[in-house]
1. Considering only residues of region B:1-18 that are part of a strand (DSSP E or B) and open to solvent by 60 Å² or more (accessible area, probe 1.4 Å), which is farthest from B:Ser111 (Cα to Cα)?
2. In region B:19-38, which residue that is within 13 Å of chain A (Cβ to nearest Cβ), in a strand (DSSP E or B) and open to solvent by 10 Å² or more (accessible area, probe 1.4 Å) is nearest to B:Pro79 (Cα to Cα)?
3. Could you please find all residues in region B:47-73 being surrounded by 17 or more Cβ atoms within 10 Å (Cβ to Cβ) and among the charged types (D, E, K, R)?
4. I'd like to check something: does region A:37-53 contain any residue that is among the hydroxyl-bearing types (Ser, Thr, Tyr) and either away from chain B (no Cβ under 13 Å) or touching a Pro at 6+ places or on another chain (Cβ under 8 Å) (or both)?
5. So, in region A:80-112, how many residues would count as being over 17 Å from A:Cys23 (Cα atoms) and away from every other protein chain (no Cβ under 14 Å)?
Amino acid sequence: EAQVTQNPRYLITVTGKKLTVTCSQNMNHEYMSWYRQDPGLGLRQIYYSMNVEVTDKGDVPEGYKVSRKEKRNFPLILESPSPNQTSLYFCASSQGTGYGYTFGSGTRLTVV
Amino acid sequence: AQSVAQPEDQVNVAEGNPLTVKCTYSVSGNPYLFWYVQYPNRGLQFLLKYITGDNLVKGSYGFEAEFNKSQTSFHLKKPSALVSDSALYFCAVRVLGSASKIIFGSGTRLSIRP
């Protein structure tokens, strides 16, 4: 089944403790992206990648890092999480410019 | 600045009636436009897109959307609403010059009453 898999689905952590949210797609898509969803703000793009080793900042990149060492994986790294990063996070992938994104099921992160 | 707006936080429709969820955009050049739906505790699902061609595009679950260049709008429509259409709907636009940067609207909650 074609899908984007994120892990974990739920995560509660403490301020300052480094964490990684994994994302993997099995569709051989070149484009991948991370979004955060907050009430009333819709989805805001954190980082995106157009291919292996090619990444760029979205609208809200502060406090986040990404890497794209392999085509299928695009992990999101929070080096020192803070409470304002409490949010619902989505990873997505797309096969090209004119195609829609396929989204993962989301990761609900709480930073206390 | 390039942006997309969904002017209604919530739309309420009776089952069987037609529905419209509004979206307007502001982008340079010719836009790539998308609609997504989000059911509770799920990720977003792609509904339909406009790239070029016919202004009326058809998508999943009986939805369609009308692209209007003069009004810079891309409203989502369905002739006859179902209770199961109740969900959160997002309009999105691809930023010109970026293959992967897509901006989402703030979302519209659609509620269909029996």
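1. Filtering region B:1-18 for residues part of a strand (DSSP E or B) gives B:3-5, B:10-14.
From what's left, open to solvent by 60 Å² or more (accessible area, probe 1.4 Å): B:10, B:12.
Numbers: B:Gln10: 7, B:Asn12: 5 Å.
It comes out as B:Gln10.
2. B:Gln38
3. Result: B:Lys49, single match.
4. Initial filter on region A:37-53 (among the hydroxyl-bearing types (Ser, Thr, Tyr)): A:47-49.
Checking which are either away from chain B (no Cβ under 13 Å) or touching a Pro at 6+ places or on another chain (Cβ under 8 Å) (or both) leaves us with A:47.
Yes.
5. Step one: of region A:80-112, the residues over 17 Å from A:Cys23 (Cα atoms) are A:80-86, A:96-100, A:110-112.
Those still in the list that are away from every other protein chain (no Cβ under 14 Å) too: A:80-86, A:110-112.
Looking only at that region, the number is 10.
The values are calculated or read from the model by the stated rules, or taken from the named source; none is laboratory data. Please read these numbers as outputs of a predicted model, since none were measured by experiment. Don't worry about glycine lacking a Cβ; one is built from the backbone with ideal geometry, like all the others, and counts go over all protein chains shown. Remember, those area values only see protein heavy atoms, side chains included, never the ligands or the DNA or RNA. Shrake-Rupley method; radii C 1.70, N 1.55, O 1.52, S 1.80 Å.
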